[in-house]
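Working notes for the structure below.
The values are calculated or read from the model by the stated rules, or taken from the named source; none is laboratory data. Because the structure is a prediction, the values reported are computed rather than measured. As a convention, Cβ positions derive from the backbone with ideal geometry for all residues, glycine included, and neighbour counts pool all protein chains shown. The area values use the complete protein model at the heavy-atom level, side chains included, leaving out ligands, DNA and RNA. Shrake-Rupley method; radii C 1.70, N 1.55, O 1.52, S 1.80 Å.
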Amino acid sequence: MTAPLASRLRGFGTTIFAEMSALAVATGSVNLGQGFPDYPGPPEVLDVARAAIGTGADQYPPGPGIPELRAAVADHRQRSCGSPAYDPDTEVLVTAGATEALAAAMLALLEPGDEVVLFEPIYDSYSASVAMAGGVIRPVPLHPPEDGAGPWTFDEAELRAAITPRTRLLLVNSPHNPTGTVLSGEELAVLAELATTHDLVVLTDEVYEHLVFDGARHVSLATLPGMRERTLVVSSAGKTFNVTGWKVGWVCGPAALVAAVRTAKQFLTYVNAGPFQPAVAAGLRLPGAYFTGIARDLQYRRDVLVAGLRDAGLPVISPRATYFATVDVRGVQPDGDGLAFCRALPERAGVVAIPTVVFYTPEHAALGRHLVRFAFCKNDAVLAEAVERLRRLA
Ligand SMILES: *Cc1c(COP(=O)(O)O)cnc(C)c1O
């Protein structure tokens, strides 16, 4: 038999996460590779899910999601980021995580050969879902800060050059995984101007909307003038309520775009997460103090890991958001190869991290070759153990 994998999925075979997680187990390493929290979500949310199991909530929920959750999503967006009002009936769709929302949007909106402009390093599902929809990615690099401090930024000329007559979608992830950067107001204004000028649909992945540090503020592109009508905002419960396994996400946008996404979504999963939907609705209605509290808590974890990495002699780019810190290994790894560094780190220090190069397209691999991503969304004992072990490198 010839290779069974369809050509559009070649190159998406296995992920580094499987290799590194296996290495973590085999060597008894602390796993700072995968980006999920190892501490539970708020009891107010977990209790609602427990109570919902064994009730009618176990059966298929309505296709667009339960009304209670759609209303909570619309209210929450207005309350938390001054977002425009969304009609819960026609402008909010519940999905199987942000991942399905993004995939369904690609499948719904792209014609074969249509181009998607996005920032690189790239969250891994984007390239695959564009490929599954028959689209083509046009990556624009986010450049790390020269001095290791400050945000990653894009070059406006590089962004403009990536837009062609075939560009259909602009896909923006801010706060950004894996760099932990938050796009500034000026950067968002550039994106809005380009989207309007070239009549692009904008897809924003805002799953880290609440995990922002140092007083930085997340601003949704949909809130900029003229953007609501062309923007699909995607977010999810996983990162906000420490329930990454629940896979409850949503998309908000103008009715015609949301209807298009719903058309694709109904034949992917149709519905999901019956008992978790009311729980997430309860979560979104928690007081503002919950959301500022999770940011503060995670900022503390960031500080612990960043200090530990620095003590270990690793130059680190401290993130302003998300779960991840980036280390430049050029000073500590003779050939500057982040992949080799990650493969050796379990033996050397008993810690697992992910080489950032896996988030780059092969053409731009040189840009990420020397970078490594460490996750800090881990409990106190795990972080303390990781920091202790990293000291061996010093
Ligand atoms: C975790 C993550 C997702 C996936 O969200 P789910 O709700 O689990 O599907 C999407 N985008 C980014 C940038 C993420 O880090």
Summed side-chain charge close to Pro62 - residues other than Pro62 whose Cβ falls under 11 Å, Lys, Arg +1, Asp, Glu -1 | -1
Size of the chain as Cα extents on the principal axes (Å, biggest first) | 57, 54, 51
Cα extents of the range 261-394 per principal axis, largest first, Å, are 51, 38, 25
Ratio of the Cα radius of gyration of the range 149-265 to 2.2 N^0.38 Å, where N counts its residues | 1.09
Could you list the trypsin sites (Lys or Arg not before Pro) in the range 201-249 that lie in coil according to DSSP, counting only those with at most 13 other Cβ atoms within 10 Å of their Cβ?
-> Arg217
Please report, in debye to the nearest 20, how large the charge dipole of the range 64-130 is about its Cα centre when each Lys and Arg carries +1 at its beta carbon and each Asp and Glu carries -1 there.
-> 280
Stretched out fully, how many nm does the piece from Ala381 to Val190 gain, at 0.36 nm a residue minus the Cα gap?
-> 64.5 nm
Checked the range 1-113 against the a/c 1.5 cut and the a/b vs b/c comparison, axes a ≥ b ≥ c from its Cα gyration tensor; verdict oblate
State, as an integer percentage, the relative contact order of the range 81-206 based on alpha-carbon contacts under 8 Å between residues 6 or more apart.
-> 23
Descending semi-axes in Å of the range 48-170, equivalent ellipsoid built from Cα gyration tensor = 34, 20, 15
Which residues in the range 245-266 place their backbone N less than 18 Å from a point set 7 Å from the Cα of Asp87 along the Cα-to-Cβ direction?
-> 251-263
With springs connecting C-alpha atoms under 10 Å apart, model the chain as a Gaussian network and identify which of Asn173, Asn242, Asn379 has the largest mean-square fluctuation.
-> Asn379
May I ask you to compute the full-extension gain from Arg343 to Ala149, defined as 0.36 nm times their residue separation minus their alpha-carbon distance, rounded to one decimal in nm?
-> 67.2 nm
Considering Cα pairs under 8 angstrom that are at least six residues apart, work out the relative contact order of the range 273-327 and quote it in whole percent.
-> 22
At R0 = 22 Å the Cβ-Cβ FRET efficiency linking Ala18 and Glu363, nearest 0.05, sits at 0.35
Computed about the Cα centre, the charge dipole of the chain from +1 Lys/Arg and -1 Asp/Glu charges at the Cβ has a magnitude in debye, to the nearest 20, of 540
Net dipole in debye of the range 18-114 [+1 Lys, Arg Cβ; -1 Asp, Glu Cβ; about Cα centre; nearest 20] | 220
Using a 10 Å cut-off on Cβ atoms, rank the peptides 272-282, 330-340, 311-321 from the highest mean neighbour count down.
-> 272-282, 311-321, 330-340
Toward the positive end of the charge dipole of the chain, about the Cα centre and with charges on Cβ (Lys, Arg +1; Asp, Glu -1), which of His76, Thr14, Leu232 goes farthest?
-> Thr14
When only Cα pairs under 8 Å and 6 or more residues apart are kept, what is the percent relative contact order across the range 266-394?
-> 26
Simple spin-label estimate for Glu229/Thr197, 7 Å along Cα→Cβ, in nm, reads 1.9
Tell me, what % of the accessible area of the range 256-345 is carbon and sulfur with a 1.4 angstrom probe?
-> 58
Tail beyond 18 Å, pair distance distribution of the range 1-45 (Cα, percent) | 56
Using 0.36 nm per residue of separation minus the Cα-Cα distance, give me the extension gain between Leu393 and Tyr300 in nm, one decimal.
-> 31.2 nm
